[in-house]
1. Using the structure shown, decide if Leu312 is among the aliphatic types (A, V, I, L, M) and either surrounded by fewer than 20 Cβ atoms within 10 Å (Cβ to Cβ) or over 27 Å from Asp407 (Cα atoms) (or both).
2. For a quick check of your reading of the model, give me the residue pairs whose first member lies in segment 408-427 and is assigned by TED's automatic domain parsing to the domain that holds Met342 and farther than 13 Å from Leu397 by Cβ, whose second is surrounded by 16 or more Cβ atoms within 10 Å (Cβ to Cβ) and polar (S, T, N, Q), with beta-carbon atoms closer than 7 Å and at least 6 apart or on different chains.
3. What helices (runs of 4 or more DSSP H) lie completely within segment 8-106 and have 1 or more residues being within 20 Å of Val126 (Cβ to Cβ), at pLDDT 75 or above and among the acidic types (Asp, Glu)?
4. Of all the residues that make up segment 209-219, how many are surrounded by fewer than 24 Cβ atoms within 10 Å (Cβ to Cβ) and part of a helix (DSSP H, G or I)?
5. In segment 176-185, is there at least one residue being modelled with pLDDT of 95 or more, over 22 Å from Arg141 (Cβ atoms) and more than 25 Å from the chain's Cα centre (by Cα)?
6. Can you confirm whether Leu84 is away from ligand 3 (no atom under 16 Å from the Cβ), in the same structural domain as Glu248 (by TED's automatic domain parsing) and surrounded by 23 or more Cβ atoms within 10 Å (Cβ to Cβ)?
7. Could you tell me which of the residues Glu315, Glu298, Glu371 is acidic (Asp, Glu), touching a helix residue (DSSP H, G or I) at 6+ places or on another chain (Cβ under 9 Å) and in a loop (DSSP other than H, G, I, E, B)?
Amino acid sequence: MAKKADTVFVCQECGYESPRWMGKCICGAWNSFVEEKVHKETEGASRGRRQSGRDSSAKSAAPVRASEITSSQAGRVDTGIGELNRVLGGGLVQGSLVMISGEPGIGKSTLIIQAAAHISRTVGTVLYVSGEESAEQIKMRADRVCGGPLDDLYILAENEMGAVLEAIDRLDPKFLIIDSIQTVYSDEFESAPGSVSQVRAVGNILLSIGKGRGIPVFIVAHVTKSGELAGPRIVEHMVDAVLQFNGERSQDLRILRAVKNRFGTTSEIGAFEMREEGLAEIDNLSGSFLEGLDESSEGAVATAVYEGTRPLLLEIQALTAATNIGFARRTAIGINANRLSMIIAVLEKKSGMTLINRDVYVNIVGGLHPEGTTTDLAVAVAVWSAEKGVRISPDTLYIGEIGLTGDLRPVMNAEKLVKEAARMGFSRVVLPKRSAERLQNVPGSIKLIPATSLADAISTASSQSQHRG
Ligand SMILES: Nc1ncnc2c1ncn2[C@@H]1O[C@H](COP(=O)(O)OP(=O)(O)O)[C@@H](O)[C@H]1O
Ligand SMILES: [Mg+2]
Ligand SMILES: [Zn+2]
């Protein structure tokens, strides 16, 4: 069959195709169109199905009674890494496509080789395809972080999908890893690796391999500094789960979270420490974020959030400084910028503090981005503390949502947060009165300080804080 090449302009952000160049895409991105040569027929996908041998469409053509579907088809593969299993929703689902994204050097390959080693020892053949590194480099990492023999772990340093498909047919792996999607390509397409056409083609091939063979497939993807996928967003729509691996390269803490998961919640996080011998799971997660609080200065406040199925204590840091020119800056790391503006507005109104000519910076220590509004009160108290130059007692924890009128609203799971605070050695928790009233079993070591409003909480903070001498 003669291949008919065609040229289209493809938005690298969302994958939208246009016959002519456009300055602005329908997704809102500017200058995101790149000219790509695309074959009219989706060759890559059909080729992937052909070569992977077991065509998913053939297999699933006949409807099956729900009661006859064995649960093993939805069975989970234990990765041997509890924190990874947790974020996945209880291990890897057979036939699923999972993407892990993160900045270069954060530890994606390390995490995956550790899981690959475990699965190769417990389940069977694992194929690790790398378009990034040589087989020797991967072997060195495996020797460093996995230990012991790796007889069923196969490494293939290859960029071209045709060769990958041959290896899959030969090895019949029980788990497949592609590191990374931006470095592999299908020679059925002329566009460059990492472009929308290539990523879509490779994604389709991997999808049919995973579904057709009923094995989990893991895809590594790079993101740029700004957190965007360097390649197109389109992979996110194709895969069953998207995991983000974050952390500061200068620090050892690494946080794994699901931003999409068809087989579990997206609120679970996994925590690791990067060590010479690989990624170690962190059991006492709360402690990791509070290390600096003992010597805390103005602007540091402890708070707690409920992430997934467990409570987590956090440190909020705030800094205020005179505005140089023009508008005062509000810089939020780890919390929503609009939320910070609202909290500052309420704080100004209710505490009489003026921040109009002050830059305000707020940071959640450890690179976390907790969801929800439980941290509102601690953010407000941290900004207040920074601006007043008043130290907040480090054994006091602040939780509560702030309403526009300055009232404090109850938080979910308050009892679990208070218990975690007690476990971590805090002696006081300032919390919304309505949350305090609902608590049943308060540990004896904790004193609850109920507050009805932000002003109420600030006057408590004021009476307990220490002015720097
Ligand atoms: N010999 C080593 N000893 C200790 N840590 C190492 C060593 N080599 C690499 N690392 C750690 O591994 C990180 C790279 O991990 P890697 O899994 O390759 O990241 P990614 O795949 O996300 O780019 C480095 O930033 C470093 O922290
Ligand atoms: Mg890597
Ligand atoms: Zn677009």
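The values are calculated or read from the model by the stated rules, or taken from the named source; none is laboratory data. A quick note: this is a predicted structure, and the numbers were derived from the prediction, not measured. Here the Cβ is made from the backbone with ideal geometry for all residues, glycine too, and neighbour counts use every protein chain on show.
1. Numbers: among the aliphatic types (A, V, I, L, M): yes; either surrounded by fewer than 20 Cβ atoms within 10 Å (Cβ to Cβ) or over 27 Å from Asp407 (Cα atoms) (or both): no.
No: the conditions fail for Leu312.
2. Leu408/Ser453; Pro410/Ser435
3. Of the helices (runs of 4 or more DSSP H) lying wholly inside segment 8-106, those with at least 1 residues that are within 20 Å of Val126 (Cβ to Cβ), at pLDDT 75 or above and among the acidic types (Asp, Glu) span 82-88.
4. Final tally of qualifying residues: 3.
5. No; the residues of segment 176-185 include none that is modelled with pLDDT of 95 or more, over 22 Å from Arg141 (Cβ atoms) and more than 25 Å from the chain's Cα centre (by Cα).
6. Details: away from ligand 3 (no atom under 16 Å from the Cβ): yes; in the same structural domain as Glu248 (by TED's automatic domain parsing): yes; surrounded by 23 or more Cβ atoms within 10 Å (Cβ to Cβ): yes.
Criteria met by Leu84.
7. Working: Glu315 fails: in a loop (DSSP other than H, G, I, E, B); Glu371 fails: touching a helix residue (DSSP H, G or I) at 6+ places or on another chain (Cβ under 9 Å).
Only one candidate passes the filter, namely Glu298.
Table: residues versus (1) in contact with a strand residue (DSSP E or B) (Cβ under 6 Å, 6 or more places away or on another chain); (2) among the polar types (S, T, N, Q); (3) within 27 Å of Thr7 (Cβ to Cβ); (4) not in a loop (DSSP other than H, G, I, E, B).
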site: Arg121; (1), (2), (3), (4): no, no, no, yes
site: Met140; (1), (2), (3), (4): no, no, no, yes
site: Gly148; (1), (2), (3), (4): no, no, no, no
site: Ile168; (1), (2), (3), (4): no, no, no, yes
site: Gln198; (1), (2), (3), (4): yes, yes, yes, yes
site: Ala201; (1), (2), (3), (4): no, no, yes, yes
